[in-house]
Amino acid sequence: MTELVEHGHLFIGGEWTDPLGTDTIEIVSPHTEQVIGSVPHASRADVDRAVAVARKAFDEGPWPRMSLDERIAVVTRIKDAFAVRHEEIARSISSQNGSPYSWSVLAQALGPMMVYDAAIQVARAYPYEEHRQGALGPILVRREPVGVVAAVIPWNVPQFVAAAKLAPALLTGSTVILKPSPESPLDSYILADIVREAGLPEGVLSILPADREVSEYLVGHPGVDKVAFTGSVAAGRRVMEVAARNLTRVTLELGGKSAAVILPDADLEPAIAGIVPAAWMNNGQACVAQTRVLAPRSRYEEVAEALAAAAGALVVGDPLDPATQLGPLVARRQQQRSLDYIRIGQEEGAKVLAGGGRPAGLERGWYVEPTLFGDVDNSMRIAREEIFGPVVCLIPYADEAEAVRVANDSEFGLSGSVWTGDVEHGIDFARQVRTGTFNVNTFSLDMLGPFGGYKNSGVGREFGPEGLSEYLEHKMIHLPAGYAAGA
């Protein structure tokens with residue numbers, strides 16, 4: 001029996017405080033369907049209080065006025081705490097969203113540590129001031145912290161996404177209100193403990209678990225200078241609409257329907273070994289998942305057989321069992337969504353090559369088998385709409401020109417991969433695909449480069465110097481003629 005985790009306070013400006021509302025959020029295990037925890041549901045009044053302390057900390061407090069080295073020291077302590085507490089963090093997240101524990105250790109716990117580490121590296125080398133010779137005389141270009149940041153994060157990789165927003169915001173001197181998803185707020189209490197112990201000054205970070213209505217109030221708050229959001233396309237559109245009322249700066253990391261393209265000369269064994277974890281990662285609950293696999297007609301049957309066998313061999317079960325490779329989906333609605341798309345795919349004429357329903361022996365819990373559809377046409381709904389579950393489409397193509405066309409024939413443009421015997425040719429293929437990230441004979445996400453999407457996959461970038469820039473304002477200072485820096 002899992003011990004019930006109950007929290008009665010909110011973390012506002014670095015202090016545990018009583019909530020101003022009375023509502024609570026119950027967290028339900030996707031494996032047992034039993035309540036495993038509860039936290040206060042932040043109210044609008046709590047948002048007002050958090051924004052006020054963040055505003056004061058930014059306008060008057062020490063954090064934006066500290067040296068970069070001083071801020072790096074605090075963020076380094078946060079990073080180091082993730083290494084120490086990675087097992088606790090992984091178990092907490094897996095118990096809430098169904099991520100397989102073995103995957104959670106790497107992606108949910110150690111992954112955020114890597115995000116903080118990469119951001120520190122970028123921040124050290126970033127040019128915060130730059131002297132230039134302008135058209136009318138010398139100028140000084142400064143990059144200054146954006147201000148109060150509202151960071152709204154999803155339930156699928158909560159601490160990884162939180163780190164992607166917190167690291168650049170904190171390192172550049174901004175203050176943050178972090179809004180976790182109601183499906184996975186328990187790990188945010190571990191984060192609160194970590195930042196307190198790291199010595200983050202008063203007012204710099206608040207954490208407010210809440211639903212969509214309160215999230216919208218936060219996004220539209222006039223005291224917020226920037227919104228950093230990760231979630232669905234529909235929610236991203238609403239965030240942009242609400243933030244636009246105050247002309248609040250927005251970055252959006254949204255959905256994907258990424259294509260893994262197998263070229264005719266690919267070595268199939270390593271290709272399948274790379275595509276399977278990229279397609280079914282985190283139970284299919286990943287925006288970068290390679291959910292469309294494109295195979296040449298000349299090798300279609302060979303690819304179909306190998307991919308179906310690999311999908312069928314995935315171990316499905318309790319997310320906290322280290323042997324599990326695919327756990328339950330986060331909520332009943334997500335399970336039903338995947339099952340509905342499986343039905344739709346069959347009605348559209350696609351063929352189920354693996355999976356296709358609930359796993360045998362797992363009647364309790366929000367489980368869906370790792371499912372592979374064959375004979376998929378890219379015009380089908382299962383190939384065009386983000387399912388966010390363990391459902392993958394295998395699409396045949398005639399030649400490379402068609403493969404490029406199909407890969408690009410999507411409203412999304414977040415990720416993708418190509419598998420080939422010629423890396424140089426793979427790079428040339430990558431140049432033709434309109435996505436924010438792409439992989440040649442591998443699948444990874446490097447936190448020293450820019451991550452984000454084309455088209456409906458988002459606005460702006462995270463990671464690397466490009467991601468750090470999203471948390472900075474650019475100021476030009478005109479200097480008198482003849483001025484020489486350092487003279």
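Read the figures in this text as sums done on the coordinates, not as results from a lab. Predicted model, so just to flag it, every value in this text is computed and none were measured. Please note: Cβ atoms are built from the backbone with ideal geometry, for glycine as well, and neighbour counts cover all protein chains shown.
Quick look at the values:
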quantity	calculated
Amide H contacts of residue 21 (H built 1.01 Å from N, under 5 Å, at least 5 apart or other chain)	43
Sequence-separation-based contact order of the chain, relative, with Cα cut under 8 Å and 6+ spacing, percent	18 percent
Length gained when the stretch residue 48-residue 23 is fully extended (0.36 nm per residue, less Cα-Cα span)	7.3 nm
Cα pair distances of segment 259-440 binned at 10 Å [whole percent]	10, 41, 36, 12, 1
Potential lengthening between residue 15 and residue 83 on full extension [0.36 nm per residue; Cα-Cα distance subtracted]	22.1 nm
Whole-Hz couplings from phi, Karplus 6.51/-1.76/1.60, listed for segment 115-128; x for Gly and Pro	4, 4, 5, 5, 5, 4, 4, 5, 4, 4, 9, 6, x, 6
Relative contact order for segment 259-440, counting Cα pairs under 8 Å that sit 6 or more residues apart, in percent	28 percent
Rough spin-label spacing in nm, given labels placed 7 Å along Cα→Cβ, for residue 448 and residue 273	2.5 nm
Amide H partners (placed H, <5 Å) of residue 265, local residues excluded	421
Computed log₁₀ I(q)/I(0) - Debye formula, equal Cα scatterers, no solvent, the chain, q 0.12 Å⁻¹	-1.06
0 to 90° range, to nearest 10: angle between helix 158-172 axis and the chain longest Cα axis	30 degrees
Note, ³J(HN,Hα) from phi for segment 267-277, Karplus 6.51, -1.76, 1.60, rounded to Hz, x at Gly and Pro	7, 5, 4, x, 5, 5, 4, x, 6, 4, x
Pairwise label distance in nanometres, residue 32 with residue 125, each label 7 Å out on the Cα-Cβ vector	4.7 nm
Sparse-neighbourhood loop sites, trypsin sites (Lys or Arg not before Pro) in segment 242-289 - DSSP loop, at most 14 other Cβ within 10 angstrom	245
Extension gain, residue 202 back to residue 247 (0.36 nm per residue minus Cα-Cα distance, nm)	13.4 nm
From phi via Karplus (6.51, -1.76, 1.60), per-residue ³J(HN,Hα) for segment 54-69 in Hz, x at Gly/Pro	5, 4, 5, 5, 7, 6, 10, x, x, 4, x, 9, 5, 6, 4, 4
Amide hydrogen neighbours beyond the local backbone of residue 28, cut-off 5 Å, H modeled	36
Centre separation in Å (Cα based) which lies between segment 77-154 and segment 1-59	23 Å
Loop GluC sites (Glu not before Pro), segment 23-95 (other Cβ atoms within 10 Å of the site Cβ: 11 or fewer; DSSP)	60
Positive-end residue of 474, 349, 293, charge dipole of the chain with Cβ unit charges	474
Expected 222 nm ellipticity per residue - DSSP helices of 4 or more, -39500 (n - 2.57), all of the chain, to 500	-11500 deg cm²/dmol
Charge dipole magnitude, Cβ of K and R +1, D and E -1 - the chain, Cα centre, debye nearest 20	1180 debye
Nearest-0.05 FRET efficiency for residue 323 and residue 141, computed from C-beta distance (R0 35 Å)	0.05
For segment 221-340, diffusion coefficient by Stokes-Einstein and Kirkwood Rh (Cα), 37 °C, 0.692 mPa s, µm²/s	191 µm²/s
Pairwise label distance in nanometres, residue 434 with residue 476, each label 7 Å out on the Cα-Cβ vector	3.1 nm
